[in-house]
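Take a look at the structure below.
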Amino acid sequence: MKLSVAEKVPVDKIAVEKFNVAWFKLAEFVGRKEKERALGVYRLLSHSLPDDAFAAQLEGDLFMAFHDEKALDAYQRSAKLYEKNGQLTHAAFIYEQMILIKPENREYLIQALKLYEVVKNDAKVVRCASQLARILIKNGAFDAHQELMTNLVCAPEYQLYAQEWSVIALIEFQPEQQQLIQDYLIVIVRALESVLEDTKRLTLFLAKLSALDTIWYEYSYQLLKSDK
């Protein structure tokens, strides 16, 4: 017997209510740290989720909530699927989630950086680049760092942020690289002073230097005086 539209509505309503209850239960089990029960509900929900990329993302979120590194596998699947679907900002966000789990992982940072360059999100580009630059400098990977800075795709004022974080990392982790530090400081101080004419940003940068190394702070201050 063929059902009428009126007869179908209650069935649809029941399905929606069950779906909403499942989401509520999922949140409840996560809040109570009941991992297996939460994953059980997820497996039921996964068949009703809009796409495989979102389903993998939710799986990653669940594992992350329970501090389980299986989140990385789920997030990796999700990122690849989002990228395949052309949802590049979503894919980049997933890599950022992975970075929260493995902050020192260069590959995750590189993937996020490349995607943000494609979608032209300069703020996110420089955030990823600065974090990557810090890791490269900390590990003494100067050639890789130079390649990163040379090929960085973002507006000049954002590139300057990456240079600021680079020189801070050099002073902190590689203080013996005095010529490199000096070269960076000359570029940064003069750009902040004359190119950007950004007094507040220059003041903040000098404050960072002062807190980190008074010698390099004095050097930068003398650079300013010599340009007057």
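The values are calculated or read from the model by the stated rules, or taken from the named source; none is laboratory data. From a predicted model like this one, the values you see are computed outputs, not experimental measurements. Every residue, glycine as well, gets a Cβ built from its backbone with ideal geometry; the counts of neighbours run over all protein chains shown. SASA here: full protein model, heavy atoms, side chains in, ligands and nucleic acids out. Shrake-Rupley method; radii C 1.70, N 1.55, O 1.52, S 1.80 Å.
When the helices in the chain are scored as -39500 (n - 2.57) per DSSP H run of 4 or longer and the sum is shared across all residues, what 222 nm value do you end up with, to the nearest 500 deg cm²/dmol? Numbers along the way, then the final one.
Values: 12 runs with 178 residues, N = 228.
Result for the chain: -25500 deg cm²/dmol, rounded to the nearest 500.
Might you work out the accessible area of Trp23 for me, using a 1.4 Å probe with all protein chains in place, and round it to the nearest 10 Å²?
Ignoring ligands and nucleic acids, Trp23 comes out at about 80 Å².
Quick one, could you list the DSSP H helices from the chain stretching 30 Å or more along their long axis (Cα atoms) with average Kyte-Doolittle hydropathy of 0.0 or above?
Span-like helices, by this rule, are 5-31.
On a 21 Å Cα-Cα criterion, which of the cross-link pairs Lys70/Lys114; Lys80/Lys114; Lys80/Lys138; Lys84/Lys120; Lys35/Lys124 come out too long?
Lys70/Lys114; Lys80/Lys138; Lys35/Lys124
Compute log10 of I(q)/I(0) for the chain with the Debye formula, placing one identical point scatterer on every Cα and leaving out solvent, at q = 0.14, 0.18 Å⁻¹, to two decimals.
Rounded to two decimals, the profile gives -0.92, -1.20.
Mind checking the dipole of the chain: about its Cα centre, +1 per Lys or Arg Cβ, -1 per Asp or Glu Cβ, Debye to the nearest 20? Show your work: numbers first, answer last.
On the way: 28 positive and 32 negative charges, 171 e Å.
Result for the chain is approximately 820 debye, rounded to the nearest 20.
Write down the accessible area per residue of the range 143-228 in Å², having rolled a 1.4 Å probe over the full set of protein chains.
58
Can you give me the % of accessible surface on the range 63-170 that is carbon or sulfur? Probe 1.4 Å, all protein chains present, nothing else counted.
C and S atoms contribute 52 percent here.
Quick query: amide H of Lys102 versus all other amide H atoms, modeled in the peptide plane; which residues come in under 5 Å with a sequence gap of 5 or more or a different chain?
none
What number comes out for accessible area per residue over the range 79-139 if the probe is 1.4 Å? Units Å², please.
49
Of Ser78, Leu44, Ala91, which is farthest towards the positive pole of the chain's charge dipole, taken about the Cα centre with +1 and -1 on the beta-carbons of Lys, Arg and Asp, Glu respectively?
After comparing all options, I get Leu44.
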